[in-house]
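Visitor: What follows is a single structure, and I will ask about it in a moment.
The values are calculated or read from the model by the stated rules, or taken from the named source; none is laboratory data. All values reported here derive from a predicted model rather than from experimental measurement. In this analysis, Cβ positions are derived from the backbone assuming ideal geometry, glycine residues included, and neighbour counts consider all displayed protein chains.
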Amino acid sequence: MAMLGVFQSGTTFAESVSDLDQYQLNMRRGVTDISAEVYDLHMLMFIICVVIAVGVFGAMFYSILFHRKSRGAKPANFHESVKVEIAWTVVPFIILIVMAIPAAKTLIAMEDASEPDVTVLVTGSQWKWHYKYMDNDVEFFSRLATQPDEISGKLEKGVNYLLEVDQPLVIPTDKRVRFLITSDDVIHSWWVPDFAVKQDANPGFINDAWAQVNEPGIYRGQCAELCGKDHGFMPVVVIAKEPAEYDKWIGERQAIQEKAKAEEQRLLAMNMSKEELMSNGQKIYTSACAACHMPNGEGLPGVFPALKGSDIALNDMATHIDIVLNGKTGTAMAAFAKQLTMSELAAVITYERNAWGNDTGDLVQAKDINAALNGQ
Amino acid sequence: MSTVTDTIHHDDDHHEHHAPPSGIKRWLYTTNHKDIGTLYLWFAFIMFLTGGAMAMVIRAELFQPGLQIVDPNFFNQMTTVHGLIMVFGAVMPAFTGLANWLVPMMIGAPDMALPRMNNWSFWILPFAFLILLSSLFMEGGGPAFGWTFYAPLSTTYSGDSTALFVFSVHIMGISSIMGAINVIVTIFNMRAPGMTWMKMPLFVWTWLITAFLLIAVMPVLAGAVTMVLTDKFFGTSFFDAAGGGDPVMFQHIFWFFGHPEVYIMILPAFGIISQIVPTFARKRLFGYASMVYATASIALLSFIVWAHHMFTTGMPVFAEMFFMLATMLISVPTGVKVFNWVATMWRGSLSFEVPMLFALAFIVLFTIGGLSGLMLAITPVDFQYHDTYFVVAHFHYVLVTGAIFSIMAAVYYWLPKWTGKMFDITLAKWHFWCSLVSVNVLFFPMHFVGLAGMPRRIPDYALQFADFNKWISLGGFAFGLSQLIFLALLIKACSKKGEPVSDQVWEGAEGLEWEIPSPAPYHTFETPPVIK
C-alpha cells in the first residue's frame, strides 16, 4: 500500500559513474549465463552474415570492375544453370540449420522459468513500474528520478540521465529470480539488456521471465513498447546484491513498510493543516498526476482533461474523491487507491481543489478517504 | 524474351479516339492508364515529401538529448503519421502508379481492364490522406499510437482522432483492393496473343503476386481497424481482457496483415530490379523461372511468419520455434533472387547509367537489410533487438534503400519513355550520390545505437546515444535535402525539356514497352501485338 521514498532524490544512483561508452557499437555481453549465450549467438549470426555479404558483394564488385562495357567486355550468353541454382538453394538451407540448432537450445533455456528462488511481480502502468516481492511483504513503485529541468535543458543532465529511478528493484545474485510481468493499462515491455530479458507487460495477462545474475551491480534498462506520451521516460533500474546483503535489505524494507502502515493508522485520527496538506499534495501531484494533467493543472486539451477550473475539482467533492480512488473506466485515468496512502490521497485532492486558482478552501483529511474507501 | 511481329501504330491521330480533355477535367475524369499512373506517381511523391517532412521533425527533436522542439505527444503523432504516410501514401501508391503505366505496355494491352474503377481507386486516395492529415489539427492531435496501433493504446487510451484514422485506413484499403483487382483482371485477360505466363516480364509477375497478397490481407487490416473502432466507441471488448478479449490477439490480426504487407512493398521492387539489371548488363536475366518461383514462395511463406514481430509477447516456446524457423526459410528464396541478379551481371557488359546505379545500390543495401532481418529472425537474440533502433535500421534499409530506391530506379529507367526526352543526367547523378551517402549516414549508425540499447519511438534518450544520434540526424537532413534535387529534376522532365530519345531509349533494353514510340502515345496497342 505504501509509496515510500517517492520523494527521495535519485542522486544516490545518479552519482554512480556510468560505464556506458559513448561510441558503443555492439550489444553488451551482460551478466547472466543466458545473456552471454545470446551475445555469442548474436556474434555467430553477425559473422555468418558478414561472410555471406563479402561473398555476394565480392562477386558483384568483381563484375562491376572487370565486366564493364568501357573495358570492352562482351556479354556472355548463359542465363540459367540448374546445377548452380540447386546449389544456391541447398547451401543456404544448410547454413540455416547450422544457425537454428544453437538458437533453439538457447531459446528453450531462456523460456524455462521453473523453480525460482525469488519471485517478483512486475506491473507496468503509465509511466512507472511497480514491484511486488511475492515471498515478502514488500512492494513499491519505481519512477523516473531525472528532474524535469534536466529534460527541458534548464539543468545540466546527469550521467544517468533518463536511466535513473527513485526506487530501484533489488534482487540477489546467484539465485534464480523469476519475474511475473503484467500491466495495469496499456502494453509495456520490461527490458534489462544485461539480463537479455525483454518481456511484454500485457494488461489482463501475466508473462514470465527469469534471470540469474552472476555479478553484483546496477543494471539499467527501459520500457521497450510504445505506451503513450511518456514511453521514453519509464526506465528500469535493477540492483543485484550478494544474497546476504539482499536478505538484510529485504528485512529492512519489510520493517519500513510495517512502520508506515502503523503510521497511516495513526494519521487517520489526525487532522493536517492546510499548509501541510498543500505542500505534501504538491509533491505527490508532481510525481503522480502532472505527467497527464500537467504541472499547471491545465491538462492536454483533447487528451487529458484540465483540473484547473473543472466542475468536479471546484464543486463535486464526492465524485472527485471517487475518480482519484477508483479511476475512470474507459479512460486513461488510473485508480490511485492502491498507489498512494490515505494521507497522500487526502493531500493531493486538497491540493487539486486549492491550487491554480481553484480556491475552494476545501480540506480533505485521511479519515475522509478512509470513509470513501469503506463505502461510507 | 519476346518480339513484336505486327506493326505498331506509330501515330495515333487517325483512329476514333478523341484527344484527352484539357485542364483539370482531363485528370479528374481520366480513365487512361498512363494518366492514372502519372497521378499515382505524383501523389506518391507529394506524400513522400510530406512523410519526409515529419521525419525531419523527428530527427530535429532527436538531434540532441532533452526535449527541445516538440512535446512527446506530438512526437508520437509524428512517428505514427510518418509511418502511415510512407507505407500507404508513398510506397504503395508509387508501385500502383508504376503498375498502371507499365503493366498494359508490357503485356501488349490497350489499357487496364477496369478503367473507371481505376479512376476511382486513385481519386479516393487524396481524401483518405486529407482525413488523416487533418486529424493532426484536432484538439488533442492525431493518432499517436504508432503505425501499428496496438490496442489498448489505440482504443481506451487514444484520442478522438482515432475515428478519423480508422476511416482513412478503410479508404486506403478500398483503394488498394480496387487497384489489385484491376491488375489481376488485366493480366489474366488482356495479355497479347503469344504472351504466355512464362514469357511475362518479371515486373508483371511480381505485381500479379503482389496483387493477390493485397486482396488477401487488406480485408484483414479493415477488420482490425473496425474492431479498434468498436472497442473505442461502441463498448465492445475484442482487445480488452476485462471484457473477455485479448490485447495480444490484436497483434496477431495486425501482423497477419502486416507481414504480407512488407512483401507487398518489396515484391514489385524485385520485379523492377529484374528489368533493369539485364538491360545494363546487356545479358538475359539469369534464372527467369527460378525468379518467378522464388517470388511465389516468398508470397506464400509471408502468411506463416507473422508472429516473428511478437516474440516478446509471451508466446509458447513451440510457437516461437515455429515462427523462427519459418522466418529463416524466407531467406532461401530471397537469397536466390540476389544470387540471380549477381549472376546476371557476371560476364555481362556493364554500363552504369542512373537507373543501374540505383539498382546496384538497391542490391547491396537491400541485402544488408535482408541479412539484419535474418539476425532478427533468431528468437533468443530478437529479445535483445526487438523494439530497438536495430529494428528501425533494418526496416529502413529494406524500405528506403530497398523499396524507395527501386522506385527511383524505375522512374529514371522509364521516365524517358514517358516524356520522350532524356532527363537531366547531371542532376540525376547528384541525386544518386547525395542520396547514397546520406542514407547510409542516416541509417547505418542506427544499428549501433540499437545494439547498445536505445529503444525505438522515444523522444529523448540517454546521454550515451548522443553522438550517434547527431550523426543520424545530420544524415537525415542531408537525405531530405537530396530529394529536392529529385523534385527539381522531375519538374524539369515534365516540362518536356531535354534531348529526344529513341524508341528503345537504353541500348540493351528489351520488352514491348521499348518497341512503341517515345514518348509513349496516349493510346497504345489498340491492335494487340503478336508475340512469338
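Visitor: Out of curiosity, is A:Thr182 more than 7 Å from chain B (Cβ to nearest Cβ), within 21 Å of A:Phe336 (Cβ to Cβ) and at pLDDT 95 or above?
Guide: Yes.
Visitor: Give the residue, chosen from A:Gln199, A:Gln167, A:Gln254, that is of a type outside the set (Gly, Ala, Ser) and assigned to a strand (DSSP E or B).
Guide: A:Gln199
Visitor: Right, here's the next one. What number of residues within region A:232-244 are in contact (Cβ under 8 Å) with a residue 24 or more places away in the chain and either assigned to a helix (DSSP H, G or I) or in contact with a His (Cβ under 9 Å, 6 or more places away or on another chain) (or both)?
Guide: 4
Visitor: Could you tell me which of the residues A:Gln365, A:Gln265, A:Gln282 is closer than 19 Å to A:Trp127 by Cα and polar (S, T, N, Q)?
Guide: A:Gln282
Visitor: Here's another thing I want to ask about it. Evaluate region B:441-463: report whether one residue or more is out of contact with any helix residue (DSSP H, G or I) (no Cβ under 8 Å at 6 or more places or on another chain) and within 8 Å of chain A (Cβ to nearest Cβ).
Guide: Checking region B:441-463: at least one residue is out of contact with any helix residue (DSSP H, G or I) (no Cβ under 8 Å at 6 or more places or on another chain) and within 8 Å of chain A (Cβ to nearest Cβ).
Visitor: Here is a list: B:Leu374, B:Leu325. Which entry is among the hydrophobic types (A, V, I, L, M, F, W, C), in contact (Cβ under 8 Å) with a residue 12 or more places away in the chain and at the interface with another protein chain (Cβ under 7 Å from one of its Cβ atoms)?
Guide: Going through B:Leu374, B:Leu325 in turn, the sole match is B:Leu374.
Visitor: Among the numbered conditions (1) facing chain A (nearest Cβ under 8 Å); (2) farther than 21 Å from A:Val90 by Cα; (3) among the aliphatic types (A, V, I, L, M), tell me where B:Val336 comes up short.
Guide: (2)
Visitor: Sticking with this structure for a sec: Can you pull out the residues in region B:226-238 that are in contact (Cβ under 8 Å) with a residue 24 or more places away in the chain and within 11 Å of chain A (Cβ to nearest Cβ)?
Guide: Within region B:226-238, B:Asp231, B:Lys232, B:Phe233 qualify.
Visitor: Check off (1) surrounded by fewer than 21 Cβ atoms within 10 Å (Cβ to Cβ); (2) in contact (Cβ under 8 Å) with a residue 60 or more places away in the chain for B:Ala241 and give me the number that stays unchecked.
Guide: B:Ala241 satisfies all of (1) surrounded by fewer than 21 Cβ atoms within 10 Å (Cβ to Cβ); (2) in contact (Cβ under 8 Å) with a residue 60 or more places away in the chain except (2).
Visitor: Condition first: in a helix (DSSP H, G or I) and touching a strand residue (DSSP E or B) at 6+ places or on another chain (Cβ under 9 Å). Now tell me which residues in region B:162-217 satisfy that.
Guide: Of everything in region B:162-217, just one residue is in a helix (DSSP H, G or I) and touching a strand residue (DSSP E or B) at 6+ places or on another chain (Cβ under 9 Å), namely B:Lys199.
Visitor: Note down all Cβ pairs under 9 Å where the first residue falls in region A:252-276 and is under 15 Å from A:Thr341 (Cα atoms), the second is aromatic (Phe, Trp, Tyr) and surrounded by 12 or more Cβ atoms within 10 Å (Cβ to Cβ), and they're at least six residues apart or on different chains.
Guide: Pairs that qualify, where the first residue is under 15 Å from A:Thr341 (Cα atoms) and the partner is aromatic (Phe, Trp, Tyr) and surrounded by 12 or more Cβ atoms within 10 Å (Cβ to Cβ), are A:Gln257/A:Phe140.
Visitor: Name the one entry in B:Ala269, B:Ala281, B:Ala299 that is away from chain A (no Cβ under 14 Å) and either among the hydroxyl-bearing types (Ser, Thr, Tyr) or buried (at least 24 other Cβ atoms within 10 Å of the Cβ) (or both).
Guide: B:Ala269
Visitor: Would a scan of region B:411-419 turn up a residue that is within 16 Å of the chain's Cα centre (by Cα) and either farther than 25 Å from A:Ala196 by Cα or more than 9 Å from chain A (Cβ to nearest Cβ) (or both)?
Guide: The answer is yes; a qualifying residue exists.
Visitor: Here is a further query. How do the pairs read when you match residues in region A:322-348 that are within 14 Å of chain B (Cβ to nearest Cβ) and surrounded by fewer than 19 Cβ atoms within 10 Å (Cβ to Cβ) with residues anywhere that are assigned to a helix (DSSP H, G or I) and not hydrophobic (A, V, I, L, M, F, W, C), using Cβ under 7 Å and keeping only pairs 6 or more apart or on different chains?
Guide: A:Ala335/A:Asn326
Visitor: I've got another one for you. Only one of B:Thr327, B:Thr344, B:Thr334 is in a helix (DSSP H, G or I) and touching a Lys or Arg at 6+ places or on another chain (Cβ under 7 Å); which?
Guide: B:Thr344
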